[in-house]
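Engineer: If you scroll down you'll find the structure; I have some questions about it.
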Amino acid sequence: MVFDNGVIEKVEPRSSYYPRTNVANVTLINIVIAPLPEPDYLLVDKLIAEAYAGGAKVTLTVNKADTGLSVFNYCKENYSNAVDAIFSVSAETGEGIDELVSYLNGNFTAFAGQSAVGKTSLINRIFGTDKAVNSLSEKTLRGRHTTTSREIHFADGLAVIDTPGFSSLELTGVKSDELDKLYKEFTPYVGKCYYIGCSHTAEPDCLIKDAVSSGGISSDRYSRYLSIYKEIKENEKHRY
Ligand SMILES: Nc1nc2c(ncn2[C@@H]2O[C@H](COP(=O)(O)OP(=O)(O)OP(=O)(O)O)[C@@H](O)[C@H]2O)c(=O)[nH]1
Ligand SMILES: [Mg+2]
Ligand SMILES: [Zn+2]
């Protein structure tokens, strides 16, 4: 899709499709997390893999900076080489929003992530809209699902789709032997391990495992890679 000043000029053949966000031709998936609700990093990692599988860029936006920076610091430590950019923002105070907006410029972006992290609040802040936002339930601290439709917001150079929050994701479109290619920080090593087709799970002389030991790859990201790999393997067993 080619857009200019909020007008769709041309609709191009579909080039990418995201099962989770149900959006075609998105060029950037902006995953939103926050200190509360507590981030589900397994979900984040699946979203990243799914986005890269669809050919989009990926940004990680840590919202609610006004309530603390520990989640942002964790992300800087563990995701700097795993996604294309990381932002610390607050929809409440407006901090960090300009930097995020300049990155979104020229992209067709989908905001994705758990319910109540503030996807709609950020969109309201960016576009000056007044869409309904979630009230974090005191009991579960999880929030009810507030956004139910996928609405596109346009402004100069910006096109953003809000999506409903969710709490689980099955990577149906990703094969186990393709998973490592969806880890940006693995790319210097993939294909160079001792065993051709190394899955980086139990094989000896594995460059990914070496990089985890030497700190080049986050051990948290790697241990979640192992869980996701196992989950996909299980699903493949039941399918074939
Ligand atoms: N302290 C603080 N609270 C925020 C911030 N951004 C959003 N919130 C609050 O977080 C709650 C959820 O915000 P929403 O924007 O509805 O979250 P959402 O991700 O769109 O939720 P769903 O539509 O259910 O997926 C609301 O109570 C907001 O007021 C922020 O920057 N700081
Ligand atoms: Mg919403
Ligand atoms: Zn390996």
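Engineer: Return a whole-number percent for the relative contact order of the range 112-235, with Cα pairs under 8 Å and 6 or more residues apart as the contact set.
Structural biologist: 17
Engineer: Can you give the net charge of the other residues whose Cβ lies under 10 Å from the Cβ of Ser88, counting K and R as +1 and D and E as -1?
Structural biologist: 0
Engineer: Along the positive direction of the dipole of the chain (beta-carbon charges: Lys, Arg +1; Asp, Glu -1; about the Cα centre), which of Ile48, Asn105, Leu60 reaches farthest?
Structural biologist: Ile48
Engineer: Follow-up. With +1 on each Lys and Arg Cβ and -1 on each Asp and Glu Cβ, how big is the dipole of the range 55-150 about its Cα centre, in debye rounded to the nearest 20?
Structural biologist: The dipole of the range 55-150 has a size of about 460 debye.
Engineer: Hey, another quick one. Heavy atoms only, probe 1.4 angstrom, no DNA, RNA or ligands counted: give me His145, His238, His153 ranked by accessible area, highest first.
Structural biologist: Sorted descending by solvent-accessible area, the residues read His238, His145, His153.
Engineer: If you don't mind, there's one more thing I want to ask. As a check on your grasp of the helix formula, calculate [θ] at 222 nm for the chain: sum -39500 (n - 2.57) over DSSP H runs of n ≥ 4, divide by the residue count, round to the nearest 500.
Structural biologist: Mean residue ellipticity, 222 nm, calculated: -9000 deg cm²/dmol.
Engineer: Given Cβ point charges of +1 (Lys, Arg) and -1 (Asp, Glu) and nothing else, what value in debye, to the nearest 20, does the dipole of the chain about its Cα centre take?
Structural biologist: 560
Engineer: Follow-up question, since we're still on this one. Roll a 1.4 Å probe over the protein chains and send me the accessible area per residue for the range 152-240 in Å².
Structural biologist: Here the per-residue accessible area is 53 Å².
The values are calculated or read from the model by the stated rules, or taken from the named source; none is laboratory data. No experiment lies behind these values; they were computed from the predicted model shown. We place every Cβ from the backbone using ideal geometry, glycine too, and count neighbours over all the protein chains shown. Heavy atoms of the whole protein, side chains included, go into the accessibility calculation; ligands, DNA and RNA do not. Shrake-Rupley method; radii C 1.70, N 1.55, O 1.52, S 1.80 Å.
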